1. Based on this model, can you work out whether Gly152 counts as open to solvent by 20 Å² or more (accessible area, probe 1.4 Å) and either outside any helix (DSSP H, G or I) or at pLDDT 90 or above (or both)?
2. Tell me, please, whether a residue that is hydroxyl-bearing (Ser, Thr, Tyr) and outside any helix (DSSP H, G or I) can be found in segment 69-76.
3. Quick check: is even one residue across segment 160-168 under 27 Å from Asp17 (Cα atoms), of a type in the set (Gly, Ala, Ser) and without any contact (Cβ under 8 Å) to a residue 24 or more places away in the chain?
4. Under 6 Å between Cβ atoms, which residue pairs at least 6 apart in sequence (or on different chains) link something in segment 45-66 that is within 14 Å of Ile88 (Cα to Cα) with a partner that is part of a loop (DSSP other than H, G, I, E, B) and among the aromatic types (Phe, Trp, Tyr)?
5. For segment 118-139, which positions are closer than 18 Å to Ala21 by Cβ and open to solvent by 70 Å² or more (accessible area, probe 1.4 Å)?
6. Does Thr65 satisfy being more than 29 Å from Gly186 (Cβ to Cβ) and assigned to a loop (DSSP other than H, G, I, E, B)?
7. Tell me which residues, restricted to segment 70-117, are more than 17 Å from the chain's Cα centre (by Cα), open to solvent by less than 70 Å² (accessible area, probe 1.4 Å) and within 18 Å of Gly39 (Cβ to Cβ).
8. Condition first: assigned to a helix (DSSP H, G or I), open to solvent by less than 60 Å² (accessible area, probe 1.4 Å) and either polar (S, T, N, Q) or at pLDDT below 95 (or both). Now tell me which residues in segment 164-181 satisfy that.
Amino acid sequence: MHKDLEQAVVVLAHPTDLPLADDPEYFSSTIGNTILGAGGFSSRLMARVRTEEGYAYSASSLWTTPRRYPGLLGAVTRTRPETAVPAIELILETMNELARVPPLREEVETTVNRIVNGFVFNFETAAQIVSRSMYYMAQDLPADWLERYLRGVQNVSAREVSQVFGRHLRPEEMTIFVLGDTARVGLDRIERLGAITVLPAP
């Protein structure tokens with residue numbers, strides 16, 4: 001059944017095998033994901049998709065790193081149906097840029113400082129401390145994980161951010177989900193991104 005929707009929800013992602021670990025790649029992915037889109041209004045996706053092009057009010061990236069099963073690398077946004085495909089193309093372009101060219105040193109420094117300075121707010125109450133400690137124990141992380149984590153993110157370089165995206169980002173393998181008005185999204189436009197499957201709304 002066709003539905004006339006004023007917004008299109010866009011989710012694109014592919015699996016990754018980078019786990020939460022005391023490893024330079026994990027720390028680099030954390031910094032890189034924040035620069036890309038998890039850092040709110042200062043992130044690249046927000047700057048490109050929202051501020052420069054006006055495609056959406058918000059756009060964010062995700063890079064999940066579970067310990068025991070694959071994670072996801074991708075992005076999420078909501079936009080007008082007519083701008084869904086241009087928004088997707090811009091998101092993919094922005095992702096690819098991080099894989100090709102290291103971010104500015106200032107971007108890395110700003111992100112590291114934000115993480116380090118905000119870390120203390122995760123441990124303001126006894127309940128937060130117990131909850132975090134139990135989570136780290138359940139994940140079999142070392143007893144000094146918090147010190148290792150802070151040290152790890154502080155040692156990330158711009159070159160390492162680009163390298164981790166270059167090793168793990170595979171745009172051609174992205175599964176792209178668009179929930180929206182097919183007539184206004186334009187199936188001919190979305191076919192530029194690859195083979196499509198149309199699922200009818202219940």
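The values are calculated or read from the model by the stated rules, or taken from the named source; none is laboratory data. All figures in this text were calculated on a predicted structure; none of them were measured in a lab. Here the Cβ is made from the backbone with ideal geometry for all residues, glycine too, and neighbour counts use every protein chain on show. In case anyone asks, the SASA skips ligands and DNA or RNA and just uses the protein heavy atoms, side chains included. Shrake-Rupley method; radii C 1.70, N 1.55, O 1.52, S 1.80 Å.
1. no
2. yes
3. Just the residues of segment 160-168 that are under 27 Å from Asp17 (Cα atoms), to begin with: 160-168.
Remaining after also requiring of a type in the set (Gly, Ala, Ser): 162, 166.
Cutting the leftovers down to without any contact (Cβ under 8 Å) to a residue 24 or more places away in the chain gives us none.
Checking segment 160-168: not a single residue is under 27 Å from Asp17 (Cα atoms), of a type in the set (Gly, Ala, Ser) and without any contact (Cβ under 8 Å) to a residue 24 or more places away in the chain.
4. Val49/Tyr55
5. Arg132, Tyr135, Met137
6. In short, yes.
7. Val116
8. Looking only at segment 164-181, we keep the residues that are assigned to a helix (DSSP H, G or I), and these are 164-168, 171-173.
Still in the running and open to solvent by less than 60 Å² (accessible area, probe 1.4 Å): 164-166, 168, 171.
Hit for segment 164-181 is Pro171, nothing else.
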